[in-house]
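What follows is one structure encoded as structure tokens, with my remarks underneath.
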Amino acid sequence: MELYNEKLEAEFQSKIDSGQNIEAKDWMPEKYRKTHIRQISQHAHSEIIGMLPEGNWITRAPSLKRKITLLAKVQDEGGHGLYLYSAAETLGISRAELNEQLNSGRAKYSSIFNYPAVTWADMGAVGWLVDGAAIMNQVMLTRTSYGPYARAMVRICKEESFHQRQGYEIMLTLSKGTEVQKRMAQDALNRWWWPSLMMFGPRDEESVHTEQAMKWKIKLKSNDELRQQFVDQTVPQAELLGLTIPDPKLKWNAERGHYDFGDIDWEEFKRVVAGKGPCSYERLKTRNEAWDKGAWVREAAMAFAEKQQEKSLKEAS
Amino acid sequence: MNYQYLLLLADNPLILGHRLSELCGHGPTLETDIALTNIALDLFGQVRNYCQYAAELHGEGKTEDQVAFLRYEHEYRNVLLTEQPNHDFAWVIGRQYLFDAYHLPLLTQLSDSKDSRLAGIAMKSIKEVRYHHRFSSEWVKRLGGGTEESHQRMQAAMDQLWSYTGELFLETEDEKAMKEAGVGADYGKMRPHFDADVQQVFHEAGLVIPEGPWHRTIGKNGVHSENLGYILADLQYMQRTYPNMEW
């Protein structure tokens, strides 16, 4: 049996190494399955919780055009959640279980959504920085080894890059606006910059999943590589906006061909990951309230579907 | 075209869309969340069409956002039905269905308006509203025929919401003038469609059509419920707090 498994595993790995996708019905090591369920569902949960900070600005958006684009963006996130949950289901976990994991607080989601969105400029900063950081990971994931996940990411990436442009455009409008608007934009950048850098996860030497993840092509670049890429890409964008990145150590390093930047507050990172972020309690509470309030609706839909089925069976007989 | 008539048409989707957008991220399932957001998006698209028209008609550099956001409470012309809160999902569905049952024949009539721009807006909107009506009427039936609890909740919501349907067909001076000019809708011709629709859907859902309806007050004349002030506090927040800025 062990020999048999070893053979399967070797075939599995060579399939990945040769660039072929693993599909739902293919043999896979249990650890690969579990890792993917964890990662895909965390990603799905992040989309669902991610609807909340931006959702709280829909009713207050400053123009009809902005209201529509924000509403559509938050809806897209719901859609991303939906097809990521479907991708996770192909690995043998149910929607109900996934929901339970999120609502009970057992599952993780991206810590960035535990920060508050307090002004309209946050709608710009979240799109520009948070979606910008997310895309770096997601573009990489379009080439990941698990087929259903990779295909979901292709679709998600298209929409995410649109969201990022929208976010940047909000920032651009603010930076060309009145003094009050410029201050609002700078304040949002100050608050979202460091949490955005934290989105790439711990430093490579402390990242527990990296090595295995690279072997399975869940990851093609390390946390630190992606973080550096993000900084390099974002600094000129901030300059174009006339905004200052809140890092006194930020400086172009000609020798490395990259920007050097200051130290991330890893204590804050750990605290927020551990569920003690500024809005961690509120996000889960809101999620649970919506779910609990909807229980009777879901039961009704189920009961109605059963009655319809019985009716059509009777008619057929 | 009468400016006030355009406001009448714009404010219903604006306020109903606002109520639906409050639910984004809070729906009973992800699928219903996405569907209700879709409806809100359609409604806001319609609002833009009406408000752009109204702004041009008004002239003096008025913008669609000034039309939509910068009026006093009594200047909003939406019917009271649209401003009713999201007490529970049965209220959301009941409010949506009753509005759709009115909105669909309204747009059918406006598609034949002598005002070609209005007819164009109506023809574009009617495709969207057919979908809204299908979604909401199916859910009325699903909740009416689902469990004992969902049936009771659906009936209880309709018992309250029904009283707001009287206003839908109450003709204001502006509506009368537009009807006579061949521009606006004729409620006399619309009403039978609404009644037949409601009878069929309530019947299939196993619900009782409540007595009445009576008129609480008339939102179309600017006399609103306590709800609208809170809605406007949100809706107008940015425009009022940071006036005269580009966003």
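Residues in segment B:153-169 that are of a type outside the set (Ser, Thr, Tyr), surrounded by fewer than 19 Cβ atoms within 10 Å (Cβ to Cβ) and more than 14 Å from chain A (Cβ to nearest Cβ): B:ASP159, B:GLN160, B:GLY166, B:PHE169.
Can you find, within segment A:277-304, the residue that is farthest from B:ARG142 (Cα to Cα) among those that are among the hydrophobic types (A, V, I, L, M, F, W, C), free of Cβ contacts under 8 Å to residues at least 60 places away in the same chain and touching a Gly at 6+ places or on another chain (Cβ under 9 Å)? Walk me through how you get there before you give the answer.
Looking only at segment A:277-304, we keep the residues that are among the hydrophobic types (A, V, I, L, M, F, W, C), and these are A:279, A:284, A:290-291, A:295-297, A:300-304.
Then drop every residue that is not free of Cβ contacts under 8 Å to residues at least 60 places away in the same chain, which leaves A:290, A:295-297, A:300-304.
Okay, now just the ones that are also touching a Gly at 6+ places or on another chain (Cβ under 9 Å), so A:290, A:296-297, A:300-304.
Numbers: A:ALA290: 20, A:TRP296: 12, A:VAL297: 9, A:ALA300: 7, A:ALA301: 6, A:MET302: 9, A:ALA303: 9, A:PHE304: 6 Å.
Checking each candidate, the answer is A:ALA290.
Residues considered: B:LEU81, B:LEU107. Of these, the only one that is hydrophobic (A, V, I, L, M, F, W, C), closer than 13 Å to B:PRO13 by Cβ and touching a Gly at 6+ places or on another chain (Cβ under 9 Å) is B:LEU81.
Taking helices (runs of 4 or more DSSP H) that do not extend beyond segment B:12-129, which have at least 1 residues that are open to solvent by 40 Å² or more (accessible area, probe 1.4 Å)? Even if it seems obvious, please write down each step before you answer.
On the way: elements: B:30-58, B:64-69, B:80-83, B:89-110.
In segment B:12-129, the matching helices (runs of 4 or more DSSP H) lie at B:30-58, B:64-69, B:89-110.
Among the residues of segment A:231-261, those identified as of a type in the set (S, T, N, Q) and open to solvent by less than 60 Å² (accessible area, probe 1.4 Å) are A:THR234, A:GLN237, A:ASN253.
The residue pairs whose first member lies in segment A:162-184 and is within 11 Å of another protein chain (Cβ to nearest Cβ) and farther than 17 Å from A:LEU71 by Cβ, whose second member is of a type in the set (A, V, I, L, M) and not in a helix (DSSP H, G or I), and whose beta carbons are closer than 7 Å, counting only pairs six or more residues apart or on different chains, are A:GLY177/B:MET245; A:THR178/B:MET245; A:GLN181/B:MET245.
Could you say whether any residue in segment A:137-150 is out of contact with any strand residue (DSSP E or B) (no Cβ under 7 Å at 6 or more places or on another chain), among the aliphatic types (A, V, I, L, M), farther than 17 Å from A:PHE230 by Cβ and within 14 Å of chain B (Cβ to nearest Cβ)? No, that holds for no residue. Can you find even one residue in segment A:95-105 that is basic (Lys, Arg), within 30 Å of B:GLY17 (Cα to Cα), within 11 Å of chain B (Cβ to nearest Cβ) and over 15 Å from the mean Cα position of the chain (by Cα)? Yes, because at least one residue in segment A:95-105 is basic (Lys, Arg), within 30 Å of B:GLY17 (Cα to Cα), within 11 Å of chain B (Cβ to nearest Cβ) and over 15 Å from the mean Cα position of the chain (by Cα).
Can you give me the ranges of the helices (runs of 4 or more DSSP H) entirely in segment A:1-89 with at least 3 residues that are of a type outside the set (Phe, Trp, Tyr), open to solvent by less than 20 Å² (accessible area, probe 1.4 Å) and within 14 Å of chain B (Cβ to nearest Cβ)?
Numbers: elements: A:2-17, A:30-55, A:64-89.
Output list reads A:30-55, A:64-89.
When A:VAL118 is tested against (1) hydrophobic (A, V, I, L, M, F, W, C); (2) open to solvent by 50 Å² or more (accessible area, probe 1.4 Å); (3) assigned to a helix (DSSP H, G or I), only condition (3) is not met. For segment B:130-152, state whether one or more residues are hydrophobic (A, V, I, L, M, F, W, C), open to solvent by less than 20 Å² (accessible area, probe 1.4 Å), more than 14 Å from chain A (Cβ to nearest Cβ) and over 13 Å from the mean Cα position of the chain (by Cα). No.
Kindly indicate the residue of segment B:141-174 that is hydroxyl-bearing (Ser, Thr, Tyr) and not in a helix (DSSP H, G or I) and also modelled with the lowest pLDDT among those meeting that condition. Show your work before the answer.
Let us first name the residues in segment B:141-174 that are hydroxyl-bearing (Ser, Thr, Tyr), namely B:147, B:150, B:163-165, B:172.
Narrowing the set further to residues that are not in a helix (DSSP H, G or I) leaves B:147, B:172.
On the way: B:THR147: 98, B:THR172: 94.
Among residues in segment B:141-174 that are hydroxyl-bearing (Ser, Thr, Tyr) and not in a helix (DSSP H, G or I), the one modelled with the lowest pLDDT is B:THR172.
For A:GLN186, state whether it is within 15 Å of A:GLU54 (Cβ to Cβ) and open to solvent by 10 Å² or more (accessible area, probe 1.4 Å).
In short, no.
Listed here are the residues, each with its yes/no results for (1) open to solvent by less than 50 Å² (accessible area, probe 1.4 Å); (2) of a type in the set (A, V, I, L, M); (3) more than 14 Å from chain A (Cβ to nearest Cβ); (4) within 23 Å of A:PRO62 (Cα to Cα).
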{"residue": "B:GLY184", "(1), (2), (3), (4)": "yes, no, yes, no"}
{"residue": "B:HIS193", "(1), (2), (3), (4)": "no, no, yes, no"}
{"residue": "B:ASP197", "(1), (2), (3), (4)": "yes, no, yes, no"}
{"residue": "B:GLN200", "(1), (2), (3), (4)": "no, no, yes, no"}
{"residue": "B:ALA205", "(1), (2), (3), (4)": "yes, yes, no, no"}
{"residue": "B:LEU228", "(1), (2), (3), (4)": "yes, yes, no, yes"}
{"residue": "B:PRO243", "(1), (2), (3), (4)": "no, no, no, yes"}
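The values are calculated or read from the model by the stated rules, or taken from the named source; none is laboratory data. The shown structure was predicted, so the numbers you read here are calculated from the model rather than taken from an experiment. Positions of Cβ are generated from backbone atoms using ideal geometry, with glycine treated the same way; all protein chains shown enter the neighbour counts. In case anyone asks, the SASA skips ligands and DNA or RNA and just uses the protein heavy atoms, side chains included. Shrake-Rupley method; radii C 1.70, N 1.55, O 1.52, S 1.80 Å.
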